[in-house]
Amino acid sequence: MRGKPAPRRTIKPDEKFGREDIAKFTNYIMERGKKTIAKGIIYEALDLISEKTKADPIEIFEAAIKNVSPSVEIKGRRVGGANYQVPMAVRPERSYALGCRWLIDAAKAKKGKKMAIKLADELIAAFNNEGNAIKKKQDTYRMAEANRAFAHFSR
């Protein structure tokens, strides 16, 4: 590795809720620098969650992210001319990023509705331990369990 590692950037909390995790989620949703559109999507999704569930949308958001975030992932490792799928532990920052990415991808995969509605539905489904993002996590765990024999290849 050349040079020094990039410094950790601090993220300013979002205006409405004053939370860094929502600001980070906004950055994951944002496309082509359109941050106000991303904020609008998230705030509308959180409003829809509070209407549908009659509960605090922040708690549902936190629990959904926690339910989707993996603790193990699969990485390809080349050893002696063969490629092995090696299960590895995930750092908390990467776990949060993967959970957010899986939620957003699952919401984008649905068709025919506004993004805010799709995101709200996916967050509620993840809160209830169902939906495509949870399925992705379970598939990852299944792969890690199947390839547990190669765990000794991780450094």
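Remarks
- Qualifying residues in the range 52-105 (those that are over 20 Å from D14 (Cβ atoms) and of a type in the set (S, T, Y)) - the one surrounded by the most Cβ atoms within 10 Å (Cβ to Cβ): S95
- Checking I58, I22, I65 one by one, the residue that is in contact (Cβ under 8 Å) with a residue 60 or more places away in the chain, among the aliphatic types (A, V, I, L, M) and touching a helix residue (DSSP H, G or I) at 6+ places or on another chain (Cβ under 9 Å) is I65 and no other.
- Residue in the range 110-126 that is surrounded by the fewest Cβ atoms within 10 Å (Cβ to Cβ), counting only those that are basic (K, R) and assigned to a loop (DSSP other than H, G, I, E, B): K111
- Entirely in the range 1-91, the helices (runs of 4 or more DSSP H) that have 3 or more residues that are more than 18 Å from the chain's Cα centre (by Cα) and not hydrophobic (A, V, I, L, M, F, W, C): 35-53
- Exactly one residue out of N147, N132, N83 is modelled with pLDDT under 95, among the polar types (S, T, N, Q) and touching a helix residue (DSSP H, G or I) at 6+ places or on another chain (Cβ under 8 Å), and it is N132.
- Residue under evaluation K12, criteria (1) among the basic types (K, R); (2) surrounded by fewer than 16 Cβ atoms within 10 Å (Cβ to Cβ); (3) touching a residue at least 24 places away in the same chain (Cβ under 8 Å), criterion not met: (3)
- Inter-residue pairs, beta-carbon under 6 Å, first over 22 Å from A55 (Cβ atoms) and in the range 122-148, second aromatic (F, W, Y) and crowded, with 19+ Cβ neighbours inside 10 Å, 6+ apart: K136/W102
- The set of residues from the range 95-110 being under 22 Å from K75 (Cα atoms) and either in contact with a strand residue (DSSP E or B) (Cβ under 8 Å, 6 or more places away or on another chain) or of a type in the set (A, V, I, L, M, F, W, C) (or both) comprises A97, L98, C100, W102, L103, I104, A106.
The values are calculated or read from the model by the stated rules, or taken from the named source; none is laboratory data. The structure displayed is predicted, hence computed values, not measured ones. In this analysis, Cβ positions are derived from the backbone assuming ideal geometry, glycine residues included, and neighbour counts consider all displayed protein chains.
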